[in-house]
Amino acid sequence: MAENDRNKYKAVSSALELIFLKANKLEKKGLDVIHLEVGDPYKPTLDRIKQAAKKAIDSNRVFYAPASGSDDLKEAIIEKYRRKQCKICFEEIVASHGSRPVISGVLKVLAKKGDKIFIPAPFYPSFLGLSKQNGAQVVLVDTRNYGFKLKAAELQKKINEMGIPKVLILNSPNNPTGVEYDRSEMEKICVLARKYDFWIISDECYQSFSKNKHFTMRQIYSKAIVIDSCSKEYSMTGWRIGWGLMSEDIAAEVKKYLGLFVSSLCTISEAATIEAFKEDGVYNYEVQKNIICDWLDKKRIDYVRPEGCLYVFPDFSNYLKSRNGPQNSLALSEFLLKKSQVAVAPGIAFGDYDSYLRFCFCVDENKFKEALCRIEKSLVKALI
Ligand SMILES: Cc1ncc(COP(=O)(O)O)c(C=O)c1O
């Protein structure tokens, strides 16, 4: 990576945080801020799940538990995947405080200094930071010319150019673009993974919003490590339960790492999650997705229609670089926050996408319409 790019990416995860913090500050001042910058579902956790947590407290499920998840949590995970026709066993499951520590643990175990980690861009910001923990070399593969999906032919080209990766990180449905790979696209990528014998981390945290509900990479490729979470599917971002599915030998190593650094899960959240898993997630945001797509169409803003996720990632090139207006994605986000009190995520947070913005559309329908109305008015000013 060129020195220029290196400096740019230093700011990657903080650009989003910056907007989030500024939005919160305005809110504290009493302004009516609408948050479209973070992926927090607006609907609360279901009552039956909350009741299970209360019951766990009353029955004293309040002591330390095994570091990679209690047995009954793992049984519930096994049952959840059985419904997806995916057979997994106890030893293949590593659960933790949300999925992020699991991704961190897996990367710690798999990728050492000098190994290459390929990440299709744009990407979920944590992938980048977590990949660099051990000094691995991150290789970004730009997907903007291919509908934001990694094509096998492009992957082959990158391998020819940069060498064989130790790990490829895939995320479908994708944050920030909302695009989703179908099984045949994944299978083509797995042909290369088998040929060159690399690991695939498949982040499937948004699968419940997918049209391919019964498909997971664990069914296609033996060196796939699946990452999943109850955060978005069950509106449980604050409960902090996520998990990974992987071969037993890798799981054993990841458990050692998480045992040292994270320790046991919140037992009350475990009980809530077990209850949650009795059914699949019930939320979908199709109405909001249609609202934003219609709005973008009307405004002739370029975007790829999201399939199974909570986000859309339009290109605002036409609104940048007017003489006095915002010049890049962070400036445009700050401008929209200031002028319309709507927080959106700057594209630079997700890689070299400095004319893009990410909109999270899991917000109340009326609030969302109001946000777009306000943005529309401000955008006119951006062009002056
Ligand atoms: C692609 C992706 N993976 C993982 C996570 C982390 O989820 P959690 O740590 O809440 O399980 C997120 C959160 O936004 C995400 O977008």
Mean-square fluctuation maximum in Gaussian network of the chain, Cα pairs under 10 Å, restricted to Ser99, Ser68, Ser340, hits Ser340
Placed amide H near Thr45: partners under 5 Å, 5+ positions off or other chain | none
Here the averaged projected area of the chain, based on the convex hull of its alpha-carbon atoms and given in nm², is 19.1
Most positive-pole-ward Cα, Val141, Phe198, Thr267, against dipole of segment 47-276 from beta carbon charges = Val141
Out of Ser231, Gly69, Gly178, whose Cα points farthest toward the positive end of the dipole of segment 47-276 (charges: +1 Lys, Arg; -1 Asp, Glu; placed on Cβ)?
-> Gly178
Could you calculate the FRET efficiency of Lys28 with Ile220 from 1/(1 + (r/R0)^6), where r is the beta carbon distance between them and R0 is 41 Å, rounded to 0.05?
-> 0.30
XL table Lys22/Lys289; Lys50/Lys367; Lys158/Lys195; Lys132/Lys211; Lys338/Lys377; Cα-Cα > 24 Å flagged, in table order, is Lys22/Lys289; Lys50/Lys367; Lys132/Lys211
So what's the net charge close to Thr237: Lys and Arg +1, Asp and Glu -1, counting the other residues with Cβ under 13 Å from its Cβ?
-> +2
Label-point separation (nm) for Val62 and Lys211, each offset 7 Å from Cα along Cα-to-Cβ?
-> 4.9
Segment 134-240 - percent relative contact order, Cα under 8 Å, separation 6 or more = 22
Nearest-20 debye value, the chain charge dipole, Cβ charges on Lys, Arg, Asp, Glu | 740
Segment 47-276: relative contact order from alpha carbon pairs under 8 Å, six or more residues apart, as a whole percent, is 32
Based on Cβ point charges of +1 for Lys and Arg and -1 for Asp and Glu, what charge dipole magnitude is obtained for segment 47-276 about its Cα centre, in debye rounded to the nearest 20?
-> 380
What list of ³J(HN,Hα) couplings, whole Hz, do you get for segment 164-177 from phi and the Karplus terms 6.51, -1.76, 1.60, once you set θ to phi - 60° and write x for glycine and proline?
-> 7, x, 7, 9, 10, 9, 10, 9, 9, x, 9, 9, x, 8
Per-residue ellipticity at 222 nm for the chain, helices alone: DSSP H runs ≥ 4 residues times -39500 (n - 2.57), over residue total, nearest 500 deg cm²/dmol?
-> -13000 deg cm²/dmol
Bridge orientation stat for the chain from DSSP, antiparallel percent rounded to 5, came to 40
Length-normalised contact order for the chain - Cα pairs under 8 Å, 6+ apart - percent = 25
Residue among Tyr283, Ile220, Leu310 farthest towards the positive dipole end of the chain, charges placed on Cβ = Leu310
Work out, step by step, the length gained on full extension between Glu79 and Gln133: first 0.36 nm times the residue separation, then minus their alpha carbon distance; give nm to one decimal.
-> 16.1 nm
Taking 7 Å along the Cα-to-C-beta vector as the label spot, tell me the Asp72-Ser317 distance in nanometres, rounded to one decimal.
-> 5.6
Would you mind pulling out the separation of the Cα centroids of segment 204-229 and segment 302-376, in Å?
-> 28
Note down the nm distance, to one decimal, between modelled labels 7 Å out along Cα→Cβ at Ser14 and at Asp142.
-> 2.5
One point scatterer per Cα, no solvent, Debye formula: log10 I(q)/I(0) for segment 47-276 at q = 0.08, 0.16 Å⁻¹ comes out as -0.28, -1.10
If you take the square roots of the eigenvalues of the alpha-carbon gyration tensor of segment 27-149 and sort them as a ≥ b ≥ c, do you get rounded (a/c under 1.5), prolate (a/b over b/c) or oblate?
-> oblate
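Taken together, the values in this text are just the output of simple stated rules run on the coordinates, not laboratory data. Quantities reported herein were computed from a predicted structural model and do not represent experimental measurements. Glycine also receives a Cβ, built like all others from the backbone with ideal geometry; neighbour counts cover every protein chain displayed.
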